[in-house]
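To keep things clear, I will list the structure first and then write my remarks on it.
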Amino acid sequence: MATTRANQSENKTPRFSLLSKDQKEEIYLGVVKTLADTGADVHNEEARDVLKKHGCKVDGVRVYIPQEVVLKALDTVPPTTTLYNWEGKENCRIEIGRTYFGPGPTPPYFIDPETMERRKYLRKDASMVARVCDALPNIGYVDSLGSISDVTNGLADLYEHADQIQNTTKPLMSWAFNVENARDEHRIGIALAGGEQAFRDKPNFVHYGEPISPLVSDKHAIDKCVYCAKERIPQVYTPCAIGGATVPASHAGQIVVAMSEALVGVVVAQLLNPGTCVIIGGMQSILDMKHSTYAYGAPELSLMSAALTEMVNYIGLPMFSQSGCTDTKKLELQSGVEATMSVHAAMLTGPTFVHDNGYTESGKTGNIFQTVLDDEVIGMARVIQGGITVNEDTLAVEQIRNVGPGGHYLYEDHTLEHAKEHWRPSLMNRDSYEDWDTKGRPTMSDRIVKKTRDLIENYEGPSSRVPSDVKKDIDKILEEAEERVQGKSQLH
Amino acid sequence: MEEKLGSISQTLIEGKADELQKQVQEALDGGATPEDVMNQALVAGMDAVGQQWKAGDMFIPEVIRSAKAMSGAMDIIRPKLSESGGAGSGTFVIGTVLRDLHDIGKDLVAMMMEGAGFKVVNLGIDLDAEVFVDAVKEHKPDILGMSALLTTTMPQMGEVINALKEAGIRDQVKVMVGGAPVSEEYAEEIGADSYAPNAATAVDKAKELLQA
């Protein structure tokens, strides 16, 4: 067999590149200078103390982080972190170059899967969303698409976490109102993992936290960041930056602010517990100045997310990005156009986590039908990202000779083998006109609704496998949280 | 015996040509009638292939494999059938019209029709209207199938139908048309009796025509 000399290491898969090396360096220097000169507000004493101890200037809540401290923190960021499901099986590696698409947290509203009308998000939706995401082949991790409205005020996060973690074996991302709830979510993770050490060895969820743009690590965000760092809970620490409002309207300026405020969390976490996993990035888009809405379908979302992905990876961190979201209110053409644009861009740039697949109405309404649509689009984008394999087998010169001019390839073994690699749609319609007509002329929306309802009705998910004693432990944690929260409200 | 015939169907669905020939021979040697092997094993198997194809559970390369295996099995069965009078689903003549060199779809229809038990005469490609007329006279088929892949050659199917009329034999044969640009409306327009959007449907449509 001949040895081929084509270069297989360069561009084996497509590489989408936005920023030049010089541009990256300029943005990075902007970040370093901002952290040192402008600084950031850090509303947690323990965090400020550790920053001060390592050479940061602290003035009240304002902290100025010199570049050597940033470099020291970046030095201990782990290159890879493994996640596990509650059954202890590896389900994710958080590292540059691996991408997982999923939904996002906390919209107040949800599209009711039966009536298709917007309503408040309910507890039953959380486990349903987890199950559907568990079933979708291109959804790589689970989140809620909403904030539960029908449980005790202040415990929406905890109920969501308790219900979702049992209904999926995919990676789970969970948010929390405050550090107390984050601790309870951790306790649920520990109960499922089988002990504190077991959780440290095999963490079974990622905590999601947000600082506030511009440059404020508020008490709840930084309290949780500190807690997760100390307990080695992998965490996302990312702002939702609104171009023109909370950050500069110029994209480079937006990236400088967004990176700076996220890096505060990285620095605090690494100084407290070197090697703990922190993922940064976050929602990047513009304020639509005409409608005063945060534009989730804007092309700028994809542009800035791509640039930020390159920047975050440039400094050696995993990126948390977004795609598959839309500003439209119901499932329609705009849903597909905006989602496809952002999914494809995200796929080409390769962030680690890509959230918001299933966000509609500018992030205000979660829509599981949108997630199902996104799943199909992600599958298509993945084909392009897969590139083309070029070798003796795929060149098929011998098959071409066998078939010759005027023949066909349908009977070749080679065809049978390689046709299996072709992407097969689950929603896109390729019926003949007659078949489509016979089926009642279903539109894309009809097919999405049918597939989604099928999954809701028929896909069980893994929750029945959770051992009953662990279920009891989880119920106890929820009961104690109820007592804690209600005790608090009596004090007021 | 029923089990054996079922196993032949399964081998056919899996497209294992050599294995199929062996099983068919064994069944005949074991006393099965060629009609039973044909109808209960092979035609039943191809019927399942057609159904699975239409349902999206089988894909063209697999269908072709089964059809080719069927063809190999027919080489054994056919001489025996003519001894005993044939399975008798009907005769089907098919060809691609003038100035059109496309044969994949047309051959697929031919194979599926053969799989459904039809005696199939595949005329080839780029055929003058006269060839179709002569073939109808010679083979006296129940159904004439025509295929065109190009919008530029599609009208030629109408020309063939006109030629059949001129020859006075239009009412002796049912005409079925197909090919990517062809539609139900177009088939009606040119006076064809039936249209099938794909090879699996062609079999159903052919059976309907024979019952009509």
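Quick note: the coordinates plus some simple rules give every number you see, no bench work behind them. Bear in mind that the values here come from a model prediction, so they are computed numbers and not experimental data. Don't worry about glycine lacking a Cβ; one is built from the backbone with ideal geometry, like all the others, and counts go over all protein chains shown.
Tabulated data for the structure shown
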| item | result |
| --- | --- |
| Amide H contacts of B:Tyr195 (H built 1.01 Å from N, under 5 Å, at least 5 apart or other chain) | B:Val177 |
| Mean Cβ count within 10 Å, highest first, over the residues of peptides B:40-53, A:415-428, A:347-360 | A:347-360, B:40-53, A:415-428 |
| Other protein chain Cβ atoms within 10 Å, averaged over every residue that makes up B:96-104 | 1 |
| 0 to 90° range, to nearest 10: angle between helix A:468-491 axis and chain A longest Cα axis | 40 degrees |
| Nearest-ten-degree value, helix A:156-166 long axis tilted from longest Cα axis of chain A | 40 degrees |
| Pairwise FRET efficiency - A:Asp431 versus A:Ser17, Cβ, R0 = 45 Å, nearest 0.05 | 0.70 |
| Highest-MSF residue in chain B out of B:Phe132, B:Phe59, B:Phe92 [GNM, Cα springs under 10 Å] | B:Phe59 |
| Spatial separation of Cα centroids for region B:156-178 and region B:179-212, in angstrom | 14 Å |
| FRET efficiency, 1/(1 + (r/R0)^6) with R0 45 Å, evaluated for A:Trp423 and B:Gln211 via beta carbons | 0.65 |
| Under Karplus coefficients 6.51, -1.76 and 1.60, residue-wise ³J(HN,Hα) of region A:439-449 in Hz, glycine/proline x | 7, x, 6, x, 8, 4, 4, 4, 5, 4, 4 |
| Cα centroid separation - region B:1-61 against region A:140-156, whole Å | 55 Å |
| nm² value of the averaged projected area, convex hull over the Cα atoms of chain A | 28.1 nm² |
| Separation of the B:Ala180 and A:Lys89 label points, Cα + 7 Å toward Cβ, nm | 4.3 nm |
| Label-point gap, in nm, between B:Leu150 and A:Asn178 - each point 7 angstrom along Cα→Cβ | 7.8 nm |
| Positive dipole terminus of the protein assembly as shown, leading residue within B:Ala187, A:Phe177, B:Ala206 (C-beta point charges) | A:Phe177 |
| Approximate spin-label separation B:Glu159-A:Lys230, in nm, with each point projected 7 Å along Cα-to-Cβ | 8.9 nm |
| Linear extension gain, A:Asp37 paired with A:Glu196, 0.36 nm per residue minus alpha-carbon span | 53.2 nm |
| Shielding by partners - mean other protein chain Cβ count within 10 Å, residues of A:404-417 | 4 |
| Number of partner chain Cβ atoms within 10 Å, mean per residue of A:429-441 | 2 |
| Simple Cβ-charge dipole of the protein assembly as shown, Lys/Arg +1 and Asp/Glu -1, about Cα centre, in debye nearest 20 | 1900 debye |
| Computed helical MRE - 222 nm, chain A, DSSP H runs ≥ 4 contributing -39500 (n - 2.57), nearest 500 | -14500 deg cm²/dmol |
| Rounded Å value of the spacing that divides the Cα centres of region A:88-105 and region A:346-401 | 15 Å |
| Per-residue [θ]222 nm for chain B (sum of -39500 (n - 2.57) over DSSP H runs n ≥ 4, rounded to 500) | -17000 deg cm²/dmol |
| Selection from A:Val466, A:Ala40, A:Gln399, by position along the positive dipole direction of chain A (Cβ) | A:Ala40 |
| Under 5 Å, built H, 5+ apart or other chain: amide partners of A:Gly243 | A:Ser285, A:Ile286, A:Leu287 |
| Lys, Arg +1 and Asp, Glu -1 on Cβ, resulting dipole of region B:68-157 about Cα centre, debye, nearest 20 | 260 debye |
| Most mobile of B:Glu130, B:Glu189, B:Glu159 in a GNM of chain B (Cα contacts under 10 Å) | B:Glu189 |
| Segments B:143-156, A:156-169 sorted - mean Cβ within 10 Å per residue, highest first | A:156-169, B:143-156 |
| Region B:90-211: C-alpha pair distances exceeding 22 Å, % | 20 percent |
| Angle between chain B longest axis and helix B:155-166 axis [Cα atoms, degrees, rounded to 10] | 90 degrees |
